[in-house]
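Participant: Take this structure first; my questions come after.
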Amino acid sequence: MALAIRNARLYRQAAEARAEAEEANRTKSRFLANVSHELRTPLNAIINFSWILGQELPTLTTDHRNLLQRIEQSGHYLLELINSILDLAKIEAGHMDLSLERINLAAVVAESIRMVEGMLDGSPVTLRVDLPAELPEIQADRARLSQVLLNLLSNSVKFTQQGTITVSAEVTGAFLTIHVADSGMGIEARDIGRIFSEFVQLDPDADRKKRGTGLGLPISARLVQLMGGRMWVNSEKGSGSVFSFTVPISGGPAS
């Protein structure tokens with residue numbers, strides 16, 4: 001009897017501790033979301049005013065224009081960070097609403113490729129699409145799928161100085177497996193296990209253009225999970241990386 005009472009007490013204490021931890025996590029997520037929303041309005045004003053000043057004041061010196069560009073670039077970096085924190089807060093709070101529909105992958109890949117082409121800036125890197133002629137449509141949130149692809153492609157562009165970046169796909173059972181492969185710098189074996197953790201910077205010495213927020217990959221992985229798939233990476237330092245993720249194949253009208 002005494003053992004049963006003690007076990008019941010321990011179970012109750014564990015349940016209470018778990019409930020407190022979950023409530024603390026929800027409180028943190030609400031706080032991050034509220035603060036992020038409050039920061040976006042003045043930050044957008046700073047970005048827009050910096051751009052306007054650069055366009056409307058012809059008497060600015062080169063140094064002054066460079067300073068305005070740095071203000072605008074820093075503002076965009078902070079806005080990206082805030083948007084990422086908002087996404088993370090929504091996911092952790094269970095408030096990330098997805099609009100699942102049947103999607104033609106080739107169309108989303110083509111849009112994503114067009115959006116990252118400008119990042120190449122004349123570098124000797126080739127973007128390739130290697131999709132089978134016949135692919136089943138997938139069940140996913142179009143905007144979030146595009147977000148995942150853009151994140152993987154932009155990371156590849158940042159860390160590939162020359163060579164190729166290839167998007168490919170294959171059917172694996174009830175899923176479509178999508179690969180983004182590059183010939184970039186690759187990842188150390190010791191870092192593979194933490195690549196999808198929040199705020200991880202694998203190369204702290206990289207310049208800001210390459211460093212990013214440390215949230216793109218963990219958010220992408222969790223978005224893929226919410227859509228019913230999973231994400232992983234195969235990489236070797238100096239030999240490039242292949243980021244892969246699965247998305248369910250489903251019936252219904254294509255969009």
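Participant: So what is the calculated 222 nm ellipticity per residue for the chain, using -39500 (n - 2.57) for each DSSP H run with n of 4 or more, over all residues, to the nearest 500 deg cm²/dmol? Don't jump to the answer; show the numbers that get you there.
Facilitator: Details: 6 runs with 132 residues, N = 255.
Helix contribution divided over all residues of the chain: -18000 deg cm²/dmol.
Participant: Right, next: What is the stretch 68-115 by shape, rounded, prolate or oblate, if you read a ≥ b ≥ c off the alpha carbon gyration tensor as root eigenvalues and call it rounded for a/c under 1.5, prolate for a/b larger than b/c, and oblate otherwise?
Facilitator: Because a/c hits 1.5 or more and a/b fails to exceed b/c, the stretch 68-115 counts as oblate.
Participant: Let me ask you something else. What relative contact order, as a whole-number percentage, does the stretch 97-188 give when Cα pairs under 8 Å and 6 or more residues apart are counted?
Facilitator: Taking the mean separation of contacting Cα pairs over the length of the stretch 97-188, I get 33 percent.
Participant: Right, something else. Using a 10 Å cut-off on Cβ atoms, rank the peptides 54-64, 83-93, 111-121, 170-180 from the highest mean neighbour count down.
Facilitator: Details: 54-64: 9.7, 83-93: 18.5, 111-121: 13.9, 170-180: 16.2.
Descending packing order for the listed peptides: 83-93, 170-180, 111-121, 54-64.
Participant: Can you tell me the relative contact order of the stretch 2-93? Whole percent, Cα pairs under 8 Å, sequence separation 6 or more.
Facilitator: So the answer I get is 43 percent.
Participant: Work through the residues other than R65 whose Cβ is under 14 Å from its Cβ and net out their charges, Lys, Arg +1 and Asp, Glu -1.
Facilitator: Computed value for this residue: -2.
Participant: Report which label in [x] 19.6; [y] 15.1; [z] 13.5 holds the value of mean projected area of the Cα convex hull in nm² derived from the coordinates of this structure.
Facilitator: [x]
Participant: Say the dipole of the chain comes from +1 at the beta carbon of Lys and Arg and -1 at that of Asp and Glu; which of I249, I52, G228 then lies farthest toward its positive end?
Facilitator: The residue sitting most towards the positive pole is G228.
Participant: Over the chain, calculate the relative contact order: mean separation of alpha carbon pairs under 8 Å at least 6 apart, over the residue count, as a percent.
Facilitator: About 18 percent, as a whole number.
Read the figures in this text as sums done on the coordinates, not as results from a lab. In this text, all values refer to a predicted model and were calculated from it rather than measured experimentally. We place every Cβ from the backbone using ideal geometry, glycine too, and count neighbours over all the protein chains shown.
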